[in-house]
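Participant: One structure coming up, written as C-alpha cells, with questions to follow.
The values are calculated or read from the model by the stated rules, or taken from the named source; none is laboratory data. Remember, predicted model here, so these are calculated numbers, not experimental data. Heads up, the Cβs are rebuilt from the backbone with ideal geometry, glycines too, and the neighbour counts pull from every protein chain shown.
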Amino acid sequence: MLGFTIWKFSFIIINFCLLYAILKKLFFQKVLEILEERRQNIAKAVATIDVAKAEVEEIRKSGEGIIAQAQEEAQVILKRAQKVANDTIAEAKAEAEKYIQETRISIEREKEEIKQEVYSTLIDLVSMASRKVMSHVMSEQEQQKLVEIVVKDSWGESSFIGSSN
C-alpha cells in the first residue's frame with residue numbers, strides 16, 4: 001500500500017536526518033575543504049592574471065616609450081647627418097672654387113711666361129737674322145753704331161717686356 005501514514009513519514013525523515021548526519025560527518029567536510037581549496041586556487045589565479053596584466057601593460061607602455069625615444073634619436077641623428085652632408089658639400093664647393101681660382105692664376109702665369117719666352121725667342125731670331133743681313137750689307141763699324149742707337153732708343157722707352165728701366 002502506498003498510503004500516507006505518519007509512521008512512514010517519520011521513518012523517512014529519520015532516515016534522511018541520519019543519512020545527512022553521516023554524510024556531513026564523513027563527506028561534507030572534505031567536499032567543503034576541496035571547494036574552499038579550489039576557491040582559493042581560483043582567487044590566486046585571478047590575482048596572478050591581474051598582476052600579469054599590469055606587468056604586460058607596463059611593458060607595453062615602456063616599449064612605446066622606448067620606441068618614441070628611438071624615433072626621436074633617429075630624427076636627431078638624421079638631422080646631424082644632413083647637416084654634416086650639407087657642410088661637406090659646402091666645403092667641397094669652396095675647395096673646388098679655390099682650386100679653380102688657383103688654376104686660373106697658374107694658367108695666367110704660364111701664359112705670361114710663354115709670352116715672355118716667345119718674345120725672347122723672337123728677339124733672338126730677329127737679331128740673328130738681322131746680323132746675317134747686316135753682315136752682308138754693313139760694315140762692322142756701321143753695325144756697332146746702329147746697335148748703340150737702337151740701345152739708346154730702347155733704353156729710354158722701356159719697350160722690352162719684363163724690363164722696368
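Table: residues versus (1) aliphatic (A, V, I, L, M); (2) over 60 Å from the mean Cα position of the chain (by Cα).
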{"residue": "S10", "(1), (2)": "no, yes"}
{"residue": "N15", "(1), (2)": "no, yes"}
{"residue": "Y20", "(1), (2)": "no, yes"}
{"residue": "K25", "(1), (2)": "no, yes"}
{"residue": "K30", "(1), (2)": "no, yes"}
{"residue": "K44", "(1), (2)": "no, no"}
{"residue": "V56", "(1), (2)": "yes, no"}
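Participant: Any chance you could count how many residues in the stretch 103-152 are over 60 Å from the mean Cα position of the chain (by Cα) and in a helix (DSSP H, G or I)?
Facilitator: 29
Yes or no, residue by residue, for (1) within 30 Å of V147 (Cα to Cα); (2) among the aliphatic types (A, V, I, L, M):
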| site | (1), (2) |
| --- | --- |
| Q75 | no, no |
| Q82 | no, no |
| T88 | no, no |
| E95 | no, no |
| I100 | no, yes |
| I105 | no, yes |
| V118 | yes, yes |
| S127 | yes, no |
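Participant: Sticking with this structure for a sec: With the condition kept exactly as written, say whether any residue in the stretch 34-46 is not charged (D, E, K, R) and not in a helix (DSSP H, G or I).
Facilitator: no
Participant: While we're on this one: Take the conditions modelled with pLDDT under 90 and surrounded by 10 or more Cβ atoms within 10 Å (Cβ to Cβ) and apply them to V150. Does it pass?
Facilitator: yes
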